[in-house]
Amino acid sequence: MIGRRLAIGALLTGFLGACSKVSASGPGSSLLGAVERWNETAHRLITSRTALAPEFDRSDISPDFRGNGNVRPDAFDYAMQEASGFAGWQVAVSGLVERPLSLSLAQIRAMPQRSQITRHDCVEGWSAIGEWTGPQLGPILRQAGLKPEAKYIVFRCADNFRGTPYYESVDLEDAFHPQTILAHSLNGEPLPVKNGAPLRMRIERQLGYKHAKYVTGIEAVASLDLIGRGKGGYWEDAAGYQWYAGI
Ligand SMILES: Nc1nc2c(c(=O)[nH]1)N[C@H]1C(S)=C(S)[C@@H](COP(=O)(O)O)O[C@H]1N2
Ligand SMILES: [Mo]
């Protein structure tokens, strides 16, 4: 957050610096137009939804990536799955798709993979850096074939808080963002249970609660109104958290 603010400040200072140099030599009227164009470009650079989240070096990785929220689904089925090394875990890709899929962990590991070392920021005031590996969500959605009415992607999870299932959702811009992956590994090892075993989303341009753990389903929908209590996620429904939690 602070890094990004500093970067924006540096960018703006750079533009202002460039302006004053031009004003010393250039005609005033065209200068104004040029400044406006620079501002527009700067604004687009700063706000671009497709920009990548910063990636870090292996040496930056946090020694222990804390587990937060639910750290073990309490369903009996989950314990069975864990005992078998999640061999039977399936992720359903459903909803507004041409070809519904049911993907095993083995199939997900066999897809082209992306690894990224990113910083996770939780609204509760802590951050951690880890290396996540898994296939990008985009190609999975392309394989299933989104119907034109699909506007959002909902992530279903195996855990719940007092009987209410955890879920999250993103728009298609985040769903197809290159750093949006279905991660099965953290720091080169299968995900620990506390961090979402066997599969969790990484939605790197957004805050921690968007990164759904224990993913069992990926559902394409036209509207979020009828999902949960209609706000697009467990914490959005329960505590009024922002649905768009961009960082
Ligand atoms: N299924 C599920 N996903 C979840 C949560 C949860 O309780 N259940 N907590 C969220 C919150 S608030 C954060 S900060 C991160 C924590 O991820 P971690 O346990 O790997 O630190 O997961 C998010 N995804
Ligand atoms: Mo969080």
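The values are calculated or read from the model by the stated rules, or taken from the named source; none is laboratory data. This one's a predicted model, so the numbers in the text were calculated from it and none came from an experiment. Cβ placement follows ideal geometry from the backbone for every residue including glycine, while neighbour counts extend to all protein chains displayed. The protein model used for the area step is the full one, side chains on, heavy atoms only, and it has no ligands, DNA or RNA in it. Shrake-Rupley method; radii C 1.70, N 1.55, O 1.52, S 1.80 Å.
If you check 141, 224, 182, which single one turns out to be within 29 Å of residue 82 (Cβ to Cβ), outside any strand (DSSP E or B) and more than 15 Å from ligand 2 (Cβ to nearest atom)?
Going through 141, 224, 182 in turn, just one is within 29 Å of residue 82 (Cβ to Cβ), outside any strand (DSSP E or B) and more than 15 Å from ligand 2 (Cβ to nearest atom): 141.
Does residue 142 satisfy the condition of being more than 15 Å from the chain's Cα centre (by Cα) and modelled with pLDDT under 95?
no
Look through region 188-202, keep the residues that are assigned to a loop (DSSP other than H, G, I, E, B) and in contact with a helix residue (DSSP H, G or I) (Cβ under 9 Å, 6 or more places away or on another chain), and return whichever of them is nearest to residue 220 (Cα to Cα).
Going through the qualifying residues, I end up with 199.
Could you check, for region 150-161, whether at least one of its residues is more than 21 Å from the chain's Cα centre (by Cα), aromatic (Phe, Trp, Tyr) and within 16 Å of ligand 2 (Cβ to nearest atom)?
yes
Looking at region 97-106, is at least one residue in contact (Cβ under 8 Å) with a residue 60 or more places away in the chain, within 23 Å of residue 159 (Cβ to Cβ), aliphatic (A, V, I, L, M) and in contact with a strand residue (DSSP E or B) (Cβ under 9 Å, 6 or more places away or on another chain)?
Checked against the condition, which is being in contact (Cβ under 8 Å) with a residue 60 or more places away in the chain, within 23 Å of residue 159 (Cβ to Cβ), aliphatic (A, V, I, L, M) and in contact with a strand residue (DSSP E or B) (Cβ under 9 Å, 6 or more places away or on another chain), region 97-106 yields at least one hit.
Step by step: first the residues of region 203-217, then only those that are within 14 Å of residue 156 (Cα to Cα) and either within 11 Å of ligand 2 (Cβ to nearest atom) or among the charged types (D, E, K, R) (or both), then the one that is surrounded by the most Cβ atoms within 10 Å (Cβ to Cβ). Which residue is that?
Among them, the one singled out is 210.
Can you name the residue in region 121-166 that is within 10 Å of ligand 1 (Cβ to nearest atom) and touching a Ser or Thr at 6+ places or on another chain (Cβ under 6 Å) and, of all such residues, is least open to solvent (accessible area, probe 1.4 Å)?
128
Mind checking whether some residue in region 214-226 is within 15 Å of the chain's Cα centre (by Cα) and either without any contact (Cβ under 8 Å) to a residue 60 or more places away in the chain or within 8 Å of ligand 1 (Cβ to nearest atom) (or both)?
yes
Restricting region 74-120 to residues that are under 30 Å from residue 60 (Cα atoms) and of a type in the set (A, V, I, L, M), which is nearest to ligand 1 (Cβ to nearest atom)?
Among those residues, the one meeting the criterion is 117.
Only one of these conditions is not met by residue 195: (1) within 14 Å of ligand 1 (Cβ to nearest atom); (2) open to solvent by 10 Å² or more (accessible area, probe 1.4 Å); (3) within 15 Å of the chain's Cα centre (by Cα). Which number is it?
Unmet for residue 195, out of (1) within 14 Å of ligand 1 (Cβ to nearest atom); (2) open to solvent by 10 Å² or more (accessible area, probe 1.4 Å); (3) within 15 Å of the chain's Cα centre (by Cα): (2).
Quick one: would you say residue 71 is open to solvent by 60 Å² or more (accessible area, probe 1.4 Å), modelled with pLDDT of 95 or more, under 21 Å from residue 211 (Cα atoms) and among the aliphatic types (A, V, I, L, M)?
Answer is yes for this residue.
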